[in-house]
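Trainee: The following block contains the structure, expressed as structure tokens.
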Amino acid sequence: MKNRPIVLFIAALLMGATACTAQPEVNPQNEKKNPHYSHTDKAPVKVSNAEWKKILIPEAYSIMRLKGTERAGTGPYVHNPKSGTYYCAACGNALFSSATKFDSHTGWPSFFQSLPGNSVAKVKDADGFRDEIECARCGGHLGHVFDDGPKPTGLRYCMNGYALMFEEGK
Ligand SMILES: [Zn+2]
């Protein structure tokens, strides 16, 4: 019986580790009510972080509003084989087609091209050397773009799965 607390402690650790590394198939942000989420409204979305914090799940909030990064292999859509469109998880702006998704073996959903038009914006990262990718409609941080991607563009849009919302279709 002396060992019991240790056994319980190890069990708790293991359960915690499983919870942290579980990879959701769909972004759980999907379940939240979000008045700014639209596939048709193209008007810029200007919302305070205080309001986003009420709307976004913690993972999406820390990535999209605080420029965080999910741990590799922990976010949704890394291995999503379905055809469809990836939208901004905060505002619903169309960002990427599954036709440009590729397996980068990084643990993050990766694309070699963004959708034409007002999908994403490239800005210099505060670190001074990387290029950050934001949603062009709401300014939410999505990830980074690198120039080591496959043909035909040679680009690798390295995205956080929690910043994306996938819908199956064309
Ligand atoms: Zn957006």
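Coordinate-derived values only; no laboratory data. On a predicted model such as this, the values are computed, not experimentally measured, just so you know. So basically every Cβ, Gly included, is an ideal-geometry build from the backbone, and we count neighbours across all protein chains shown.
Trainee: What residues of segment 68-108 lie in the reach of a label at Lys32, counting those whose backbone N is under 13 Å from a point 7 Å from the Cα along Cα→Cβ?
Mentor: The answer is 89-92, whose backbone nitrogens lie closer than 13 Å to the label point.
Trainee: I'd like the orientation of helix 4-21 relative to the chain: the angle between its Cα long axis and the longest Cα principal axis, in ° from 0 to 90, rounded to 10.
Mentor: Computed tilt is about 10 degrees.
Trainee: Given the peptides 114-121, 153-160, arrange them by the average over their residues of other C-beta atoms within 10 Å, most packed first.
Mentor: Sorting 114-121, 153-160 by mean packing, highest first, produces 153-160, 114-121.
Trainee: Could you name the lysines in cross-link range of Lys53, using Cα to Cα under 25 Å and dropping any fewer than eight places away on the same chain?
Mentor: Lys32, Lys33, Lys42, Lys67, Lys122, Lys124
Trainee: Want the number for Glu168 to Thr106: 0.36 nm per residue separation, take away the alpha-carbon distance, what's left?
Mentor: Length gained between Glu168 and Thr106: 20.0 nm.
Trainee: Quick check: residue separation of Arg71 and Lys122 times 0.36 nm, minus the Cα distance between them. What number comes out in nm?
Mentor: 16.2 nm
Trainee: Still on this structure, please answer the following. Given H placed on each backbone N at 1.01 Å, which residues far from Lys67 in sequence or on other chains put an amide H within less than 5 Å of it?
Mentor: Here the answer is His141, since their amide H atoms fall under 5 Å of that of Lys67.
Trainee: Collect residues whose amide H, placed 1.01 Å from N in the peptide plane, falls under 5 Å from the amide H of Leu95; neighbours closer than 5 in sequence don't count.
Mentor: Long-range HN contacts for Leu95: Tyr86, Tyr87, Cys88.
Trainee: Between Lys46 and Gln113, what FRET efficiency follows from the Cβ-Cβ distance if R0 is 30 Å, with the result rounded to 0.05?
Mentor: Calculated value: 0.65.
Trainee: What does the highest-first list of 53-65, 30-42 look like by mean Cβ count within 10 Å?
Mentor: Values: 53-65: 19.2, 30-42: 12.7.
Descending mean neighbour count gives 53-65, 30-42.
Trainee: In addition: Can you give the translational diffusion coefficient of the chain in µm²/s, computed by Stokes-Einstein from the Kirkwood radius over Cα pairs at 10 °C and 1.306 mPa s?
Mentor: Values: Rh = 16.8 Å.
Rounded to a whole number, D works out at 94 µm²/s.
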